[in-house]
Amino acid sequence: MLRFWQAVQRWLFDKNDSDFFWQDAWSQILEEKVEFYRQLSHPQKQQFEQNCFAFLQTTRIEVSGEVEVTDEDRLLVAASAVIPVWGFADWPYLSVKAVVLFPGCFNRDFVCGQSDSTISGMVGSGAMAGKMALSKPDLIYGFSNDKDKHNVGVHEFVHILDMADGKCDGFPEAVNSGQCSHQWFELVRCKISEIEKRKSNINDYGATNNQEFFAVASEYFFERPLMLKNKHPKLYDYLSEFYQQNLAEIERDQLRNKAKNKIKRKK
């Protein structure tokens, strides 16, 4: 059976539509804005672009309020979707029909500018079922600061991944059937306790519940993998197995190469 992305791409390019092509400028946007993309080899970058392209052709990017959607916005949404599932051969986000960008944070009724408009991202329900809501400024900031362990786009797509088995509970059984959920949830309980006691560098929001801990820890994993491995080795190992990505080793190799190049320049 053809991989999902291959099937989508064949469908796209068989349409003979001049709009369906990847632009060089989009690669430059990813290079400038997405640290995860910059770390990839040239063939991997091409695959990342193909996955982003396929996502954008199967998921609408909509707006609410006075929001202008740029190519950068679309690519950052797509990158948010591709990063968590990069380690999987194929992963269609069929449950996400559209991503709606808001001019800022919103409340649970998806209204901006209110006293309770403090939400930067949410997987919709009711009238917003099948859609994801994101604050455009927060989406952009999540990629502009790749060291703060926070990326709202990745956070919300991790929730989608978590929901793949039919429920959002902080353990993605759909991709981790070989792991014991009891051991994972025991680790989560301990880590949440550390957060509550102010003995952790994991974002406080991770103590909200199991599913938010999974999303928050995943943001940490994708933005500061080596730090996570050093400070929370067991948690890193679980997430590395979940996502089938060993990002700490990639970051360590990059640091070694930078150190070597620095020494060469001094000589």
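The values are calculated or read from the model by the stated rules, or taken from the named source; none is laboratory data. Everything numeric in this text was worked out from a predicted model, so none of it was measured. Note: ideal-geometry Cβ built from the backbone for every residue, glycine included; neighbour counts use all protein chains shown. For accessibility, only protein heavy atoms count, side chains too; no ligands or nucleic acids. Shrake-Rupley method; radii C 1.70, N 1.55, O 1.52, S 1.80 Å.
Data for the structure
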item	result
Rule-of-thumb Rg ratio for segment 145-257 [Cα; 2.2 N^0.38 Å; N residues]	1.01
Dipole axis of the chain (+1 Lys, Arg; -1 Asp, Glu on Cβ), positive-most option in Gly113, Thr58, Leu255	Leu255
Å² per residue, accessible surface of segment 75-214 at 1.4 Å	43 Å²
Apportionment of accessible area to carbon and sulfur, the chain, percent (1.4 Å)	48 percent
Relative contact order, percent, the chain [alpha-carbon distance under 8 Å, six or more residues apart]	14 percent
Size of electric dipole in the chain: Cβ of Lys, Arg +1 and of Asp, Glu -1, about Cα centre, debye, nearest 20	1460 debye
Of Lys45/Lys167; Lys131/Lys191; Lys33/Lys191; Lys197/Lys229, pairs whose Cα-Cα distance is over 25 Å	Lys45/Lys167; Lys131/Lys191; Lys33/Lys191
q = 0.08, 0.12, 0.16 Å⁻¹: log10 I(q)/I(0) that the Debye formula gives for the chain, counting C-alpha atoms only	-0.34, -0.76, -1.34
Taking the C-alpha atoms of segment 185-231, convex hull volume expressed per residue in Å³	64 Å³
Dimensions (Å) - segment 62-218, Cα atoms, principal axes, largest first	46, 37, 32
Of Leu228, Leu94, Leu255, the one that fluctuates the most in a GNM where the chain has Cα springs shorter than 10 Å	Leu255
